[in-house]
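The next block holds one structure in the form of structure tokens; read it before the comments.
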Amino acid sequence: MDILAETSFLFPLYRDEVHTDKAIATIDQLSSPLPISALVALEFRQAVRFQVFLHHKDKKTGIPKEQGEKTLNLFQADIQEGIIRIMPADWLQVHAIADSLGTKHVPNHGYRILDILHVATALHLGAKQFLTFDQHQSKLAKAEGLQLSLTG
């Protein structure tokens, strides 16, 4: 596998924000479905739900329920239509890689577990390129030899 996208790459595809044009241009250049992990799919869905929760508590934040439902439906449709492909992973192996990355990088750089798990998944799946707009994850991915064409 050549490429793997993480959660910060997905958001601009479904919500107009600063990286939307760059994310769409990247998708347009792909000749195959956008590969993501099951962890990315779960994190994306949960983040959308959390944005709905925030809006429910304070209308000045988050997104309305209808927009959240529309986003989740579009995401699911993209998976079903083959625009996005969830890549199978051996999570025991991913966790072993993540533990090794944590031992190697956390003492000096303080990476959080989701950052580590996303990079570990990319390494486990044999990705050469990692799509992220997350600066912290970019540093870890680069340190582990993944190519980055996107950064925040």
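General observations
- Of everything in region 128-147 that is farther than 12 Å from GLU6 by Cα and of a type in the set (A, V, I, L, M), the residue that is surrounded by the fewest Cβ atoms within 10 Å (Cβ to Cβ) is ALA143.
- Filter pass, PRO64 being of a type outside the set (A, V, I, L, M, F, W, C) and under 16 Å from the mean Cα position of the chain (by Cα): no
- So GLY102, is it at pLDDT 95 or above, part of a helix (DSSP H, G or I), more than 16 Å from the chain's Cα centre (by Cα) and within 23 Å of LYS139 (Cβ to Cβ): yes
- Segments classed as helices (runs of 4 or more DSSP H), wholly inside region 1-78, with at least 3 members that are under 27 Å from LEU146 (Cα atoms) and in contact with a Leu (Cβ under 7 Å, 6 or more places away or on another chain): 20-29, 38-57
- Test for VAL52: is it under 17 Å from ASP134 (Cα atoms), surrounded by 12 or more Cβ atoms within 10 Å (Cβ to Cβ) and not polar (S, T, N, Q): no
- Criterion (surrounded by fewer than 17 Cβ atoms within 10 Å (Cβ to Cβ), closer than 24 Å to ALA25 by Cα and modelled with pLDDT of 95 or more) met by exactly one of GLY110, GLY68, GLY82, GLY152: GLY82
The values are calculated or read from the model by the stated rules, or taken from the named source; none is laboratory data. This structure is a prediction, so every number in the text was calculated from the model and none was measured. Cβ coordinates were reconstructed from backbone atoms using ideal geometry, including for glycine residues, and neighbour counts include every protein chain displayed.
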